[in-house]
1. Restrict the check to the stretch 94-108 and report whether at least one residue is under 20 Å from Lys163 (Cβ atoms), touching a residue at least 12 places away in the same chain (Cβ under 8 Å), in contact with a Phe, Trp or Tyr (Cβ under 6 Å, 6 or more places away or on another chain) and among the small types (Gly, Ala, Ser).
2. So, of the residues in the stretch 30-65 that are surrounded by fewer than 15 Cβ atoms within 10 Å (Cβ to Cβ) and among the hydroxyl-bearing types (Ser, Thr, Tyr), which turns out to be nearest to Val235 (Cα to Cα)?
3. Looking at the stretch 91-108, is at least one residue part of a helix (DSSP H, G or I) and within 15 Å of the ligand (Cβ to nearest atom)?
4. Being hydroxyl-bearing (Ser, Thr, Tyr) and surrounded by fewer than 14 Cβ atoms within 10 Å (Cβ to Cβ) is the filter; apply it to the stretch 163-204 and report the residue that is nearest to the chain's Cα centre (by Cα).
5. Mind listing whichever residues of the stretch 205-225 are basic (Lys, Arg) and either surrounded by 19 or more Cβ atoms within 10 Å (Cβ to Cβ) or within 16 Å of the ligand (Cβ to nearest atom) (or both)?
6. In the stretch 129-144, which residue that is touching a residue at least 60 places away in the same chain (Cβ under 8 Å) and within 14 Å of the ligand (Cβ to nearest atom) is nearest to Asn222 (Cα to Cα)?
7. Within the set of pairs 6 or more residues apart or between chains, which connect a residue that is without any contact (Cβ under 8 Å) to a residue 40 or more places away in the chain inside the stretch 35-47 to a residue that is near the ligand (Cβ under 7 Å from one of its atoms) and of a type outside the set (Asp, Glu) with Cβ atoms less than 7 Å apart?
8. Restricting to the stretch 188-246, name every residue that is touching a residue at least 24 places away in the same chain (Cβ under 8 Å) and part of a loop (DSSP other than H, G, I, E, B).
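All of the numbers you see were taken from the coordinates with simple rules; none came from a lab. All values derive from a computational prediction rather than experimental measurement. Here the Cβ is made from the backbone with ideal geometry for all residues, glycine too, and neighbour counts use every protein chain on show.
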Amino acid sequence: MKEELSNANTQAVLITGVSTGIGLGMAKKLLAEGCRVFGSVRSSNAAHELQAMLGNNFTPLIFDLSSSEQINRAKEALISSLSGQHLDAIINNAGIAEIGPLLHVTPESLTRHLDILVTGQLRVIQAFTPLLSSQPVPGRIFNISSISGKWPNVFFGNYTAGKHALEGLSKTLRLELERDNIKVIVIAPGNIATSIWTKQTMELVEQYKGTDYYRALKARLNGIQHNMADEAMTVEEFSTLFYDIYQNPNPANRYTIMKCRKWRYPFSKLTKMKTRVLVG
Ligand SMILES: NC(=O)c1ccc[n+]([C@@H]2O[C@H](COP(=O)([O-])OP(=O)(O)OC[C@H]3O[C@@H](n4cnc5c(N)ncnc54)[C@H](OP(=O)(O)O)[C@@H]3O)[C@@H](O)[C@H]2O)c1
């Protein structure tokens, strides 16, 4: 039986994808700051391990973003665990990325990316937004996008498409939730040292052996490993900056969080390139 929370005003936060990486980092930071964290995982093993690691103010919820049924079951568990308390924030963090050139990725792999990076996020938003408080402090939704939500990421076209779509979804959602005073904040990380990058393996690249892109893909893979060592922000650094935003009573609509200054110039230049407005 879990201990009762000592502080009745403790903030309750839902984070998707807390098994590793940014999700786990944000969960640890929010718990350290006194929040109560509900975190999604995909197996009961992961739930037990995290429960032991993160303590009594952490409650694991088991669901896959692709399953509305699992999400709704988790919602019922969350409602009963909250016992009348509101949810203060939803952090849509869970995601995938898989290397592959657009001329050769399978349509099924694009569909899988979009299901997790876009439709799955909406499944979570639809299920849990009604639990957000509106008074006295309105709840907030944080959508973890990426710098790939605005810029192209070569050989990560599926991922780039998903993150661009999440940005569009977030903009409309922000307007639609204005009447409820609920803020939608997009967080766009640059390189953060997590397993999302170590999941990019030579085995994945081997699928494209025999295509014109094979050598370039291998170089890209090497580049990722090099970037991780030299340019990536740690999860702890990211989580500290995220918490500053979390605490801000008047946050901006979108934040980019990145370490490497050398990337900033080309990104700002890219926005101005090759776009024209024609007024008839
Ligand atoms: N790391 C970066 O450089 C970076 C940069 C920009 C944006 N981001 C974004 O940050 C978020 C977190 O990524 P990360 O870097 O922390 O990667 P990560 O360590 O690979 O974490 C991804 C998390 O998402 C969960 N997940 C994956 N597929 C899922 C599904 N179908 N249903 C439910 N959960 C699922 C994973 O759970 P399992 O362990 O069960 O697979 C894991 O907890 C992602 O949205 C990513 O796009 C990361």
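1. yes
2. This residue is Ser43.
3. Looking through the stretch 91-108, at least one residue is part of a helix (DSSP H, G or I) and within 15 Å of the ligand (Cβ to nearest atom).
4. Ser195
5. Passing the criteria: only Arg220.
6. The extreme case among them is Ile144.
7. Gly39/Val18; Gly39/Gly23; Val41/Val18; Val41/Ser19; Ala46/Ser19; Ala47/Val41
8. Gly190, Asn191, Ala193, Thr194, Lys199, Gln200, Gln207, Tyr208, Thr211, Tyr213, Ala232, Thr234
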